[in-house]
Amino acid sequence: MTMLVPAEPGPFAFEPDTTALLVIDMQRDFLEPGGFGAALGNDVSLLWSAVEPLQRVLAATRDAGMTVIHTREGHRPDMTDCPPAKLARGGFIGSESPNGRILIRGEYGHDIVDALAPAPGEIVLDKPGKGSFYATDLELMLRNRGVKSLIVTGVTTEVCVHTTVREANDRGFECLVLEDCCGSYFPEFHAVALRMIAAQGGIFGWVGTSVDLLEQLPVNVAAGA
Ligand code: TIU
């Protein structure tokens, strides 16, 4: 069944069977004190506005039986997958923090915040870059499942969300970005990044809200309600 969500630059049409929810990098290292975001001098509390709307979207997409994919930015403990150029400008990667080594896989801070913990069976995708397609098997998994559209959420709007939407758009996936389910340390970057996606007739995709999505998504389909 085709769903139509009010969005910019026009309604976003999708079928739940061929759509995946992408939850990008809702990790302690970005959202909690002592991690990567905080080490870069950012106010991490700014990202928490996305959590409650995302909980509602997660519940609805789970009920609808949609594919849910959580991503995590980070590196191997030996950091062989961390480009020196990235390390030089984010020199805290691999450093010790109260939540373990910053942005290192397997550490407490690298994992997703408790409020958005992946459910059993959901895909958790580790990525070394800002984009979710770079050096990962995301495209392969999406194609194998027949996914054509992505509902994109997470942090930060202008960095990992934007990079991922650009990568997805070039690969032919149609992206709806939920503005209230994304967050940035820089409110002005958040606003402009969203405008850039929907401008020029939707040059990278569509921008909508969780409220408008949730009005369209069937609730409790799996439960028969
Ligand atoms: N996940 C993601 O956006 N990584 C970043 O480094 N974001 C910043 O805004 N720094």
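Some notes on this structure:
- Strands (runs of 3 or more DSSP E) within the stretch 1-101 that include 1 or more residues more than 22 Å from Asp126 (Cβ to Cβ) and either within 16 Å of the ligand (Cβ to nearest atom) or of a type in the set (Val, Ile, Thr) (or both): 3-5, 19-24
- Test result for Arg101, on the phi < 0 side of the Ramachandran plot, crowded, with 20+ Cβ neighbours inside 10 Å and without any contact (Cβ under 8 Å) to a residue 40 or more places away in the chain: yes
To keep it simple, each residue is scored yes or no on (1) surrounded by fewer than 20 Cβ atoms within 10 Å (Cβ to Cβ); (2) under 19 Å from Glu107 (Cβ atoms); (3) touching a helix residue (DSSP H, G or I) at 6+ places or on another chain (Cβ under 9 Å).
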site	(1), (2), (3)
Phe36	no, yes, yes
Gly41	yes, no, no
Arg56	yes, no, yes
Ala60	no, no, yes
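- Any pair with Cβ under 7 angstrom, 6 or more apart, that starts in the stretch 164-191 at a residue that is free of Cβ contacts under 8 Å to residues at least 40 places away in the same chain and more than 13 Å from the ligand (Cβ to nearest atom) and ends at one that is basic (Lys, Arg) and in a loop (DSSP other than H, G, I, E, B): Phe173/Lys148
- Enumeration of residues in the stretch 1-31 that are surrounded by fewer than 21 Cβ atoms within 10 Å (Cβ to Cβ), charged (D, E, K, R) and under 25 Å from Glu188 (Cα atoms): Glu8
- Matching residues, the stretch 109-162, being touching a Ser or Thr at 6+ places or on another chain (Cβ under 7 Å), within 14 Å of the ligand (Cβ to nearest atom), outside any helix (DSSP H, G or I) and charged (D, E, K, R): Lys127, Lys130
- Residues that are closer than 19 Å to Asp81 by Cα and surrounded by 16 or more Cβ atoms within 10 Å (Cβ to Cβ), drawn from the stretch 106-124: Glu107, Gly109, His110, Asp111
Just so you know, all these numbers are worked out from the coordinates, no wet-lab data involved. Quick caveat: nothing in here was measured; it's all calculated off a predicted structure. Don't worry about glycine lacking a Cβ; one is built from the backbone with ideal geometry, like all the others, and counts go over all protein chains shown.
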